[in-house]
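Colleague: To start, I am sharing the structure in question, which I have written as structure tokens.
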Amino acid sequence: MKIGAVRGMRDILPEETPLWRHLEAEIRAAFRLYGYREIRTPLLETAELFSRGVGEATDVVHKEMYVFPDKKGLLLALRPEATASVVRAYLEHGLYAKGGLAKLYYFGPMFRYEKPQKGRSRQFHQYGVEALGSLDPALDAEVIDLASYLVERLGLPREGLFLRINSIGCRRDRDRYREALRDFFEPRQAELCSDCRRRLSENPMRILDCKHPTCQPAIQAAPRSTDSLCGECGAHFQEVLAQLERLGLPYELDHTLVRGLDYYTRTVFELASKDLGAQDALLGGGRYDELAEMLGGPPTPGVGFAGGMERLVLVLRERLELELGRELDVYLIPIGEAPEVKRTAAWILAQLRRAGLAADMEYLGRSLRKATQVAARLARYALYLGPDELARGEVKLKDLGTGAESAQAIGAFERPEMLKRMLARG
Ligand code: AMP
């Protein structure tokens, strides 16, 4: 029997990896501009990190986490997200003791046992930032500005994007808000789907996430978290919004946005794309001022976001594919089987590579026409070398973009500066 990939886990093939690398490079560059530094944490953590940090009752931990005992019986989890890991690392290495703000970013695979569908897989890749150590609302605004700058930089048109924002307040505000929701939904249970009737006793805030049409009228009429905010949290949110206005970042107040992880406090937001369908969030984040304490550390406010690489790939693939497809500079096509031709071709290849040019050769002996088609898919230039060219001490160079052809001396391949000029990267 043939062995296939695990359901919900996908290979990223060479046709797509240039796009991934391009996106990663652009994202890194944006993060650097905003003063964030990279952190790499392990894929495996103790399951307890997430049950304490993300919340035992959340879907992410309760239903979707990959958990298994190691050989000594310690419960481990494949990380479903990275914020808890970053905060764990921050506490473990005493980064708080170094004072100041820790601005960290990460990339990497995350794992959730979800129902695979468009934009949702079981292994997916996130990029994200975390700013730890300040309550300043300017930092909430900065993180949101970074998110918008990032998607602009990647070339997503502004018209298709929208920023949803809400504030769910501090723990006391949330307790009050949960009560208000319970009081509101309890007499309306008949208007809720069966999942939401269960959520009512577990965590009524989750009802607001429900996409079931039955629940929508009740959800729209439900009390708003912003009405339960204490003075401090209310003022904090007003300042975040004022900063967004000053930055010229349009937003929609979305009272149903509460996000699926327990650690959030105050600001929560999502940047969504109209091109994505049901799973429309490109990235999401918010504040988590109590997470460090939940993990046993000193009080440390934090704010950040995470976005999914797969969703960026979905919206950018067609836009960028043509530009990124050709990874080779030169594709060399030897003509005929003469050993001297083949040896000279191999020598030319070696010279090109040492001159810093990505080069490959037709090894399968396909016809000139076929090999040229392959070259046009993979490279910017084709080089032809047959017995006639060899006798003249020349190769034929073809620009695969313009179709222009010229003869080049084989001797030129000994001189990297000449080669670079010949194949000047346009
Ligand atoms: P979350 O950690 O749930 O707040 O998700 C943050 C972002 O990660 C989302 O906006 C998506 O872009 C991405 N994401 C989350 N879950 C998945 C998944 N199962 N498959 C693909 N992307 C995901």
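Residue-by-condition table, conditions (1) crowded, with 16+ Cβ neighbours inside 10 Å; (2) within 23 Å of MET205 (Cβ to Cβ):
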{"position": "ALA57", "(1), (2)": "no, yes"}
{"position": "ARG112", "(1), (2)": "yes, yes"}
{"position": "TYR127", "(1), (2)": "yes, no"}
{"position": "LEU139", "(1), (2)": "yes, no"}
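Colleague: Mind checking which residues of the range 49-68 are touching a residue at least 24 places away in the same chain (Cβ under 8 Å) and touching a strand residue (DSSP E or B) at 6+ places or on another chain (Cβ under 7 Å)? So that I can check it myself, show each step before the final result.
Modeller: Kept after step one, since they are touching a residue at least 24 places away in the same chain (Cβ under 8 Å), are these residues of the range 49-68: 49-50, 52-55, 57-60, 63-66.
Within the range 49-68, PHE50, MET65, TYR66 meet the criteria.
Colleague: Kindly evaluate ARG380 against the criterion of being free of Cβ contacts under 8 Å to residues at least 12 places away in the same chain, under 21 Å from GLU327 (Cβ atoms) and within 37 Å of the chain's Cα centre (by Cα). First the steps, then the outcome.
Modeller: On the way: free of Cβ contacts under 8 Å to residues at least 12 places away in the same chain: no; under 21 Å from GLU327 (Cβ atoms): yes; within 37 Å of the chain's Cα centre (by Cα): yes.
So ARG380 does not fit the description; no.
Colleague: A further question follows. So for the range 237-253 (the condition being touching a residue at least 60 places away in the same chain (Cβ under 8 Å), under 30 Å from MET309 (Cβ atoms), among the charged types (D, E, K, R) and in a loop (DSSP other than H, G, I, E, B)), does at least one residue qualify?
Modeller: There is no residue in the range 237-253 that is touching a residue at least 60 places away in the same chain (Cβ under 8 Å), under 30 Å from MET309 (Cβ atoms), among the charged types (D, E, K, R) and in a loop (DSSP other than H, G, I, E, B).
Colleague: Taking LEU261 as meeting all but one of (1) closer than 30 Å to ILE12 by Cβ; (2) in a loop (DSSP other than H, G, I, E, B); (3) in contact with a strand residue (DSSP E or B) (Cβ under 7 Å, 6 or more places away or on another chain), write down the number of the exception.
Modeller: So LEU261 meets the others, but not (3).
Conditions (1) more than 17 Å from ALA147 (Cβ to Cβ); (2) more than 16 Å from the ligand (Cβ to nearest atom), marked per residue:
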{"position": "GLU202", "(1), (2)": "yes, yes"}
{"position": "LEU208", "(1), (2)": "yes, no"}
{"position": "GLN216", "(1), (2)": "yes, yes"}
{"position": "ALA235", "(1), (2)": "yes, yes"}
{"position": "VAL240", "(1), (2)": "no, yes"}
{"position": "PRO250", "(1), (2)": "no, yes"}
{"position": "GLY277", "(1), (2)": "yes, no"}
{"position": "GLY285", "(1), (2)": "no, no"}
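Colleague: Here are some residues: GLY73, GLY53. Which one is at pLDDT 95 or above and over 18 Å from SER134 (Cα atoms)? I'd like the intermediate steps shown before the answer.
Modeller: Details: GLY53 fails: at pLDDT 95 or above.
Checking each option against the conditions leaves just GLY73.
Colleague: Can you tell me which residue is farthest from the ligand (Cβ to nearest atom) among those in the range 296-321 that are closer than 14 Å to LEU132 by Cα and in contact (Cβ under 8 Å) with a residue 24 or more places away in the chain?
Modeller: So the first thing to find is which residues in the range 296-321 are closer than 14 Å to LEU132 by Cα, and the list is 297-305.
Imposing the further condition that a residue be in contact (Cβ under 8 Å) with a residue 24 or more places away in the chain reduces the set to 297-298, 300-305.
Values: GLY297: 21, PRO298: 25, THR300: 20, PRO301: 19, GLY302: 14, VAL303: 13, GLY304: 10, PHE305: 8 Å.
Ranking the qualifying residues of the range 296-321, first place goes to PRO298.
Colleague: Then there is this: Filter the range 282-319 down to the residues that are farther than 24 Å from GLY169 by Cα, of a type outside the set (A, V, I, L, M, F, W, C) and assigned to a helix (DSSP H, G or I) and list them by number. Quick ask: steps written out before the conclusion?
Modeller: Our first condition is that a residue be farther than 24 Å from GLY169 by Cα; within the range 282-319, this holds for 308-319.
Still in the list and also of a type outside the set (A, V, I, L, M, F, W, C): 308, 310-311, 317-319.
GLU310, ARG311, ARG317, GLU318, ARG319, listed by residue number.
The values are calculated or read from the model by the stated rules, or taken from the named source; none is laboratory data. Here the structure is a predicted model, which is why all the values come from computation and not from measurement. Cβ sites come from the backbone with ideal geometry, for glycine too, and all protein chains shown count toward neighbours.
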